[in-house]
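What follows is one structure encoded as structure tokens, with my remarks underneath.
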Amino acid sequence: MEEEKKNRLIKSILWDYNINPKEFIEVAMGEREKVGSFNQERALVRLFERVSWYDLITLFKLEGLAGLLTKEVISKIRMKELREKYELARKVLQGETVPLSGWSIENRERIKHTLLSNRWYSHKQRIL
């Protein structure tokens, strides 16, 4: 990603801070200790919550993301669905085994109730 586009992207997520975009990326990559109130973990959470996956890939490359996506950082993401997506991405990038699509233990409990809706079985059968 060209430098100007990268700077605009970072400025758009730091609109409420007066922070140099280049320094912010350095903190996120672990090359710098801190900038403003952002340490590496806080910078990564801000990026993961506000930047699209494809922009993250262009910023850090897949190899870089594999090292930056940690369980600790993912657990700090506020939105549950986003945490689940990043956890799946972390497992894929780090070579861990992932469950078959839709049949993980978490999903099994969630979809069990939609497959066998109680409304069809809540009334007792009657003989007419």
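Contact map, the range 4-26: residues that are free of Cβ contacts under 8 Å to residues at least 60 places away in the same chain paired with residues that are among the aromatic types (F, W, Y), Cβ distance under 7 Å, separation 6+ or inter-chain. Pairs shown: I10/F24; L14/F24; F24/F38. The residue list E87, E109 contains one member that is at pLDDT below 90, part of a helix (DSSP H, G or I) and not basic (K, R), which is E109. Screening S117, S104 for residues that are surrounded by 10 or more Cβ atoms within 10 Å (Cβ to Cβ), modelled with pLDDT under 90 and either of a type in the set (A, V, I, L, M) or more than 30 Å from F24 (Cβ to Cβ) (or both) leaves exactly one candidate, S104.
When V51 is tested against the conditions (1) surrounded by fewer than 19 Cβ atoms within 10 Å (Cβ to Cβ); (2) over 10 Å from the mean Cα position of the chain (by Cα); (3) more than 22 Å from T97 (Cα to Cα), the lone failure is (2). Across the range 7-28, the number of residues qualifying as within 24 Å of R83 (Cα to Cα) and in contact with a helix residue (DSSP H, G or I) (Cβ under 7 Å, 6 or more places away or on another chain) comes to 9. Restricting the search to helices (runs of 4 or more DSSP H) fully inside the range 1-79 and requiring at least 1 residues that are modelled with pLDDT under 95 and aliphatic (A, V, I, L, M) gives 3-13, 21-29, 53-68. Is it fair to say I127 is modelled with pLDDT of 60 or more and touching a Phe, Trp or Tyr at 6+ places or on another chain (Cβ under 8 Å)? Answer is no for this residue. Within the range 75-82, identify whether any single residue is of a type in the set (A, V, I, L, M, F, W, C) and loosely packed, with under 14 Cβ neighbours inside 10 Å, and answer yes or no. There is at least one residue in the range 75-82 that is of a type in the set (A, V, I, L, M, F, W, C) and loosely packed, with under 14 Cβ neighbours inside 10 Å. Considering the range 8-35, the residues that are of a type in the set (A, V, I, L, M, F, W, C) and within 21 Å of K61 (Cβ to Cβ) include one that is surrounded by the most Cβ atoms within 10 Å (Cβ to Cβ), namely A28.
The values are calculated or read from the model by the stated rules, or taken from the named source; none is laboratory data. In this text, all values refer to a predicted model and were calculated from it rather than measured experimentally. All Cβ positions, glycine included, derive from the backbone under ideal geometry; neighbour counts span all protein chains shown.
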